Every structure is written in C-alpha cells, then in structure tokens.
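Below: one structure, written as structure tokens.
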Amino acid sequence: MGQSSSTMSSPVIIPAAARHTATLIFLHGLGDTGHGWASAMAAIRPPYVKVICPTAESMSVTLNAGFVMPSWFDLISLDPNGPEDRAGIEKATNFVHGLIEEELKNGIEASRIAVGGFSQGGGLAIHAALQYPKSLAGIIGLSCWLPLHKDFPKEAKGNLTTRLFQAHGSADPVVPFHWGAETSALLKQFMENSEFKTYPGLSHSSGEQEMEDVKKFLQEVLPDN
C-alpha cells in the first residue's frame with residue numbers, strides 16, 4: 001500500500017533575511033532530511049532568497065536491502081540501464097512542481113525560483129525542471145545523475161535554456177564520477193546553458209570550493225532586483 005502524503009514532514013524553511021524576492025528549493029540525498037542541507041544553503045544564499053528544504057517520505061529502498069529511509073523514489077539498480085521506479089520518480093516530480101506552484105501563489109515568479117539538490121535529490125531537481133513548462137531561474141545538480149534519462153530530450157517540457165550548474169567529485173564512490181560526466185554529456189546535447197564542474201579528490205559530499213561555486217551561481221541566476 002502506498003504511503004499517504006501525511007507521512008511527509010513539513011519542509012525546513014529558512015525565510016529570506018531581506019525582502020523576499022526569490023526562492024531556492026533544495027532536495028537532499030538518500031537517507032537524509034531537509035535539515036541536512038538547510039543551514040549550508042542558508043549560509044550561501046543571497047539575503048532576499050527564501051530557502052525550502054523538504055524531507056522525502058520514508059520508504060523501503062530496494063538497493064539498500066529494503067531498509068526504510070527518506071527517499072524521493074525507490075532505487076532499484078546501480079546500473080544506468082537498469083530498472084527505475086518510474087511511478088515514484090513521477091510522484092516526486094509532481095511534489096517538486098507543487099512546491100514551485102506554492103511560491104508562484106505567494107507572488108514569486110518562476111524566473112525567480114531555482115531548484116537544486118544533492119545525489120538523488122539533484123537528479124530529481126534536474127528531472128523536475130525538465131518536466132516543468134515555465135522557465136525557472138536556475139538548476140543545481142550536485143553528485144547526481146538524471147533519472148529516466150532515456151526519456152530525454154523527447155519528454156522535456158521546459159527549461160532547455162535555463163542555466164544548469166552540475167558538479168561532481170572525482171573520487172565519488174557512491175554515484176560514480178562517470179555517471180555525472182555521462183549525464184552532463186547527455187544534457188549538453190539539448191540544454192544550451194549546461195555547465196559541469198569536477199572537484200578533484202572530492203568523494204560523495206560537498207566541499208568548500210563547490211559551495212563557493214554554488215553561491216556564485218545563485219548570485220548570477222537570482223540577482224538582486
């Protein structure tokens with residue numbers, strides 16, 4: 001039986017420190033929560049940017065021997081050509097779209113909303129952006145891959161010209177570096193403003209230089225207005 005949305009924790013929200021004119025939605029990786037990234041994102045966002053870090057529902061994850069943990073969708077295989085949880089990925093994508101729509105209702109335009117994430121969350125952020133018809137400000141994908149990559153570019157609905165900052169550590173033992181590089185190569189075939197940055201020696205985590213680069217990216221795609 002599927003879990004109801006009532007099992008979803010409320011997102012961690014860091015209000016803007018100045019007049020709220022832009023929003024960043026950032027999605028955690030497998031087994032983490034919104035708290036895992038909220039303070040890091042709050043430290044690098046411009047003061048007029050509100051940060052939303054939701055927490056995924058807890059579910060049984062096939063790849064982790066069925067253990068229950070926060071996960072945006074089930075992970076079935078480590079093979080890029082292996083089976084994927086299409087229904088779960090689509091449900092999670094709709095959830096992200098719902099967060100974007102809430103910000104639109106609050107008077108923030110799509111062009112002032114950035115979406116991003118780490119690992120599974122980064123992949124979901126890119127997927128959700130490509131499935132969203134309105135143009136967003138920017139997309140951030142850290143240490144990630146693109147779910148349902150065979151759907152693209154055919155199934156893309158928008159954000160093909162939106163700036164994407166994709167980053168990956170060269171020593172990542174969890175999401176292999178070549179996954180990130182292959183994802184970038186695919187995205188660059190149809191996304192005009194896609195950047196892929198490598199961090200030598202970085203494992204499956206973020207580093208100081210990477211966070212500086214994300215900070216710079218946010219300032220560029222969400223300038224003061």
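For region 5-221, the antiparallel share of DSSP beta bridges with both residues in that region comes to about 20%. Between the beta carbons of S9 and T198, assuming R0 = 30 Å, the FRET efficiency works out to 0.35 to the nearest 0.05.
Each label was represented as a point 7 Å from its Cα along the Cα-to-Cβ direction; for S205 and N94 these points are 3.8 nm apart. Take 35-45, 103-113 and order them by the average number of nearby Cβ atoms within 10 Å per residue, most first; the result is 35-45, 103-113.
Checking the cross-link pairs K50/K215; K154/K197; K105/K134; K150/K215; K154/K216; K105/K216 against a 22 Å limit on the alpha carbon distance flags K154/K197; K150/K215; K154/K216; K105/K216 as lying beyond it. Karplus-derived 3J(HN,Hα) values for region 186-200, using 6.51 cos²θ - 1.76 cosθ + 1.60 with θ = phi - 60°, are 5, 4, 5, 5, 9, 9, 5, 10, 9, 10, 10, 10, 9, 10, x Hz; glycine and proline are entered as x. In this simple spin-label approximation, M69 and S170 carry label points 7 Å from Cα along the Cα→Cβ vector, and these lie 2.7 nm apart. Available extension along the chain between E212 and E182 is 8.4 nm, counting 0.36 nm per residue and deducting the alpha carbon span. Take the Cα of R19, step 7 Å toward its Cβ, do the same at S39, and the gap between the two points is 3.2 nm. The HN-Hα couplings worked out from phi for region 74-90 by the Karplus form 6.51 cos²θ - 1.76 cosθ + 1.60 (θ = phi - 60°) are 6, 10, 9, 9, 8, 8, x, 9, x, x, 10, 8, 4, 4, x, 5, 5 Hz, whole numbers, x standing for Gly and Pro. If R0 is 45 Å, the Cβ-Cβ spacing of S60 and K105 corresponds to a FRET efficiency of close to 0.85. Here Rg and Dmax of the Cα atoms in Å was computed from the coordinates, and among (1) 16.1, 48; (2) 16.8, 54; (3) 17.8, 61 the match is (1).
Bear in mind these aren't lab numbers, they're just calculated from the coordinates by the rules spelled out. These numbers were taken from a predicted model, which means no experiment stands behind them. Because the Cβ atoms are built from the backbone with ideal geometry, glycine has one as well, and the counts that use them run over all protein chains shown.
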